[in-house]
1. Mind listing just one residue for me: the one in region 180-219 that is of a type in the set (Val, Ile, Thr) and assigned to a helix (DSSP H, G or I) and, of those, surrounded by the fewest Cβ atoms within 10 Å (Cβ to Cβ)?
2. Scan region 90-139 for residues that are among the charged types (D, E, K, R), at pLDDT 80 or above and either open to solvent by 40 Å² or more (accessible area, probe 1.4 Å) or part of a helix (DSSP H, G or I) (or both) and report the count.
Amino acid sequence: MTGRSCQYSTEPCARKVPIFTSLSDEDLAKVSAMIKHRKYSKGEALIVEEQPSDTLYIIQQGHVKLLKITPQGKEQILRILSTGDFFGELNIFNSDELSNFSAYALTDTDICMLTKGAMERIIDENSDISLKLLKTITKRLAHTENLAQSLATKDPEIRIAYMILELGHKYGKLNKGQIQVKLPLSREEMANYVGVTRETISRKFSKFEQLGIIKINGTREITIPNMQKLNEYID
């Protein structure tokens, strides 16, 4: 692991994570005391597939992509995470397993880390956290199943439209009735996310712009003028 040590206030990190929202200020302070901090540069690996890990990673600031390498040697992005999201939770319950994905920083990213031992102490003292973790894991399994189904059954154009919808919901900001989206992924990474070529992404984006579904504002930003129109296109 090549991340560098990082010193700053720890309490905001714990407060950003939904699973800790029920904790009192006193318990949050205890959690904060257990947290370790690392700063990762864009492109750096946090976890590598098939390596052991016993850590819960919390994104204090930045973006992280989770991915697997297909048998053909291609990158398949599983999920894009941002501030307040966490990953590595399965290894908290079973540290004997190797990581089944890799994680890379999409931008310069600040990470908070809790070891398996620290999480076990937190859960022992706050039993509702394990239930919240289970709910999160269930949602993520559903997301993975939906991704697998999308890759298997929907044509590339619909898959790309679904991706735009997802990015719009997660990263979009309302501005004068339109949704402005700063894209956390490059064209190549978007192609890896939905299982198409980079050229297909560019071609379909141009088509969606002609249809008035999106406006392209450079390589890393789009505008969704009408979210309902995007939903109707997918339906």
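The values are calculated or read from the model by the stated rules, or taken from the named source; none is laboratory data. Remember, it's a predicted structure, so these values are computed and weren't measured experimentally. Counting neighbours? That spans all protein chains shown, and the Cβs are built from the backbone with ideal geometry, glycine included. Accessible surface is based on the protein model in full, side chains and every heavy atom, while ligands, DNA and RNA are left aside. Shrake-Rupley method; radii C 1.70, N 1.55, O 1.52, S 1.80 Å.
1. The selected residue is Thr200.
2. 5
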